[in-house]
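Beneath this line is the structure, given in structure tokens, with notes to follow.
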Amino acid sequence: MSEDDLKVFVHGAARFFSKISPTPAEVGTPFLRDESDRVMSDFSAVIGISGNQRGCVYYTAPRDMVQALAEIFGESDLSDDICADFVGEIANTISGNARLELGPGFLISVPVVIRGRAEDVHFPDDAPAFVIPISWTGHRSTLIICLSDQPHSRRMAAAQ
Amino acid sequence: MKLLIVDDSNVIRRAIAREIGSSRYEIRSAGNGTEALAVFDEFAPEIVTMDITMPELDGLSCVDAILNRRPDTKILVISALADKATAVEAIKRGAQGFLLKPFTAEMLHTELAELLAE
């Protein structure tokens with residue numbers, strides 16, 4: 001995964017929040033996740049990535065932030081079911097939007113949602129996991145990007 | 001006028017329904033392509049909003065199946081997949097419009113108005 005790939009997700013996260021909210025998000029500088037980092041929050045969604053790259057994209061956020069976002073979205077039901085669904089949609093949207101730069105070979109799965117502060121989440125061993133902190137109206141959430149290039153992808157061929 | 005909303009996200013289905021409003025449209029919804037076809041056969045909507053990435057049956061396959069059943073159905077694909085090839089593929093299969101997520105209420109109304117004007 002290149003620095004440019006990470007920028008795609010940094011810009012994508014910023015774009016998502018500016019589109020749905022009058023208050024933009026502050027998207028921090030990505031850093032390499034350490035095994036001891038406890039980044040998972042109340043609601044998390046993982047998107048499996050295949051095609052030219054392989055790995056996953058996580059988005060994780062606390063309940064009060066998801067509820068605040070859902071309210072801005074016009075949602076009156078702020079139940080855990082709605083929060084879980086919305087976190088999945090955020091992960092799906094940021095990942096899907098990344099195809100603007102990464103192309104149609106960046107294949108995304110439907111989101112899998114995890115409720116509760118899952119600490120035993122498995123990240124692929126063959127790819128580094130980068131943490132992108134996102135602050136919005138005093139709330140903190142996290143995007144985690146864990147991708148490796150597929151050996152025979154067009155991206156790899158172009159880079160060689 | 002009957003409108004079917006197809007998206008695997010309940011939040012998105014509810015948001016679209018809220019924005020469109022039930023005064024002008026009779027609205028039904030479905031959470032995946034398979035469910036959408038069952039609702040389509042029973043409800044016979046004139047307009048369909050269609051997500052692409054969904055479990056069981058994806059949105060583009062569902063567009064094919066719907067247009068095989070009733071070719072004059074107006075379909076607006078609403079997806080997060082931002083590459084040009086996906087939008088081109090959706091139109092090639094017979095969808096009349098493509099709206100990228102995240103979208104604003106104004107964008108949704110504009111796309112639906114264009115769809116109905118065709």
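The values are calculated or read from the model by the stated rules, or taken from the named source; none is laboratory data. A quick note: this is a predicted structure, and the numbers were derived from the prediction, not measured. Counting neighbours? That spans all protein chains shown, and the Cβs are built from the backbone with ideal geometry, glycine included. Heads up: the accessible areas ignore ligands, DNA and RNA and are worked out on the full protein's heavy atoms, side chains in. Shrake-Rupley method; radii C 1.70, N 1.55, O 1.52, S 1.80 Å.
Computed across the protein assembly as shown, the Kirkwood hydrodynamic radius from all distinct Cα-Cα pairs reaches 19.3 Å. Distant-in-sequence amide contacts of residue A:114, defined by a placed amide H-H separation under 5 Å and a gap of 5 or more residues or a different chain, comprise A:44, A:45, A:46. In this label model, residue A:135 and residue A:118 are separated by 2.8 nm, measuring between points 7 Å along each Cα→Cβ vector. Under 5 Å from the amide H of residue B:48 lie the amide H atoms of B:4, B:74, B:75, B:76, each residue being 5 or more positions distant or on a separate chain, with H modelled from the backbone and absent for Pro and chain starts.
The range B:20-41 and the range B:90-118 have Cα centres spaced 16 Å apart. Counting only other chain Cβ atoms within 10 Å of each residue's Cβ, the peptide B:82-90 averages 4. Look at the stretch A:66-73: the mean tally of other chain Cβ atoms within 10 Å of its residues' Cβ atoms is 1.
Every Cα-Cα pair in chain B was counted, and those over 26 Å apart are 7% of them. Comparing the full protein assembly with the isolated chain, the residues of the range A:15-31 losing at least 40 square angstrom of accessible surface (1.4 Å probe) are A:19. The residues of the range B:2-117 have, on average, 41 Å² of accessible surface per residue, using a 1.4 Å probe with all protein chains present.
Phi angles across the range B:73-83 convert, under the Karplus curve 6.51 cos²θ - 1.76 cosθ + 1.60 with θ = phi - 60°, into 3J(HN,Hα) values of 5, 8, 10, 10, 7, 10, 9, 8, 6, 8, 6 Hz, Gly and Pro given as x. For the range B:33-49, putting each phi into the Karplus relation 6.51 cos²θ - 1.76 cosθ + 1.60 with θ = phi - 60° gives couplings of x, 5, 5, 4, 5, 5, 5, 4, 4, 8, 8, 6, x, 7, 10, 10, 9 Hz, in residue order, rounded to whole numbers and with x for Gly and Pro. Using only the Cα atoms of chain A, build the gyration tensor, take square roots of its eigenvalues as a ≥ b ≥ c, and label the shape rounded, prolate or oblate: rounded if a/c is under 1.5, else prolate if a/b is larger than b/c, else oblate. The shape class here is prolate.
Sequence-ordered 3J(HN,Hα) estimates for the range A:43-48 from the Karplus curve with 6.51, -1.76 and 1.60 and θ = phi - 60° stand at 10, 9, 9, 10, 10, x Hz, glycine and proline given as x.
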